[in-house]
Amino acid sequence: MPPSPSGGGSVAERVRAELQTIRDNVAGVHGSLAATSDGLLVAHDLPDLEPAEVAALAATTQALASRTTAATGCGQFRETVARGSDGYLAVYPAGERAIVAIIGTGTLNVGMLRYQVCDVVERVAAQSAEFGNWAAPDQPGVASRSPGASPVVPRQQSRVLPRRRGSTP
């Protein structure tokens, strides 16, 4: 039985349960992740992408969008949605220290995503103080890094993110 979003379990398990609610409630969601605002993966629900690389890219996207909204007088950053030919990337701040990123297919219902993600982001933000303190579990969907570890850096430069080993194209 999956952990309750508001119940027990490690912070990564609780956050992963929150991410699963997005997929369950919004048509067209391919996967999602939560990370620190500097790109450290906390938890994910991404079946076939390299989550640590997506976390680093999402943090960069959030930083750029945040700076852009401030520089143009548009106020405090709330979200950024990038639409590609085959889908979407949406990034939301979860408090001051975390982000939530959603990857959607071309059929993503963006309006429903905006509606459903607000509560999830608030609950992730409430747990973000624990992000630097979780243990390094050996289970899928959870990063294992210590607070003093070096930053996540993409391994290669390409237009397409690498697929996980063993996943189908």
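FYI, it's all coordinate maths here, none of it is from the lab. None of the values given here were measured: they were computed from a predicted structure. Because the Cβ atoms are built from the backbone with ideal geometry, glycine has one as well, and the counts that use them run over all protein chains shown.
Identify, among Leu57, Ala17, Ala90, the residue whose Cα sits farthest towards the positive end of the charge dipole of segment 11-130, taking +1 on the Cβ of Lys and Arg and -1 on the Cβ of Asp and Glu, with the dipole about the Cα centre.
After comparing all options, I get Ala90.
Over segment 48-125, calculate the relative contact order: mean separation of alpha carbon pairs under 8 Å at least 6 apart, over the residue count, as a percent. Spell out each step's value before the answer.
Working: 84 pairs, mean separation 17.4, N = 78.
Once normalised by length, the contact order is 22 percent.
Short version: ³J(HN,Hα) in whole Hz for each residue of segment 63-71, in order, from phi by Karplus 6.51 cos²θ - 1.76 cosθ + 1.60 (θ = phi - 60°), x for Gly and Pro, what are they?
4, 5, 5, 5, 5, 5, 5, 5, 5
Taking R0 as 25 Å, what's the FRET efficiency between Arg97 and Asp48 from their Cβ-Cβ distance, rounded to 0.05? Write down the numbers at each step before the final one.
Working: r = 28 Å, r/R0 = 1.11.
After rounding to 0.05, the efficiency reads 0.35.
Using the crude model of +1 on Lys and Arg Cβ and -1 on Asp and Glu Cβ, and no other charge, please compute the dipole size for segment 1-136 relative to its Cα centre, in debye to 20. It would help to have the intermediate numbers written out before the result.
Numbers: 9 positive and 14 negative charges, 64 e Å.
It comes to approximately 300 debye.
If you count, for each residue, the other Cβ atoms within 10 Å and average over each peptide, how do 117-124, 48-55 line up from highest to lowest?
Details: 117-124: 19.0, 48-55: 20.8.
Averaged packing, sorted descending, gives the order 48-55, 117-124.
Using all Cα-Cα distances in segment 11-130, what percent lands in each 10 angstrom bin from 0 up to the longest?
All Cα pairs considered, the percentages come to 15, 50, 31, 3.
For a protection proxy built on the mean count of beta-carbon atoms within 10 angstrom, sort 93-99, 13-19, 34-40 highest first, please.
On the way: 93-99: 20.0, 13-19: 24.6, 34-40: 22.7.
Output ranking for 93-99, 13-19, 34-40: 13-19, 34-40, 93-99.
What ³J(HN,Hα) values, in whole Hz, does the Karplus curve 6.51 cos²θ - 1.76 cosθ + 1.60 give for segment 46-51 when θ = phi - 60°, with x put for Gly and Pro?
Couplings: 10, x, 9, 9, 7, x Hz.
Set the Förster distance to 41 Å, then compute FRET efficiency between Glu130 and Thr72 from the Cβ-Cβ distance, nearest 0.05.
On the way: r = 34 Å, r/R0 = 0.82.
FRET efficiency, Glu130 to Thr72: 0.75.
Taking amide hydrogens as modeled 1.01 Å from N in the peptide plane, which residues meet the under 5 Å criterion relative to Leu46, leaving out close sequence neighbours?
Ser32
I need the phi-derived Karplus couplings for segment 20-34: 6.51 cos²θ - 1.76 cosθ + 1.60, θ = phi - 60°, integer Hz, Gly and Pro marked x.
Coupling constants for segment 20-34: 5, 5, 5, 4, 5, 9, 10, 5, x, 7, 7, x, 7, 8, 10 Hz.
Please list, ordered by chain and number, the residues whose modelled amide H lies under 5 Å from the amide H of Ala98; skip anything fewer than 5 residues away on the same chain.
HN-HN under 5 Å from Ala98: Ser37.
Going by amide H atoms built from the backbone, whose H comes under 5 Å of the H on Tyr88, apart from near neighbours?
Long-range HN contacts for Tyr88: Gly104, Thr105.
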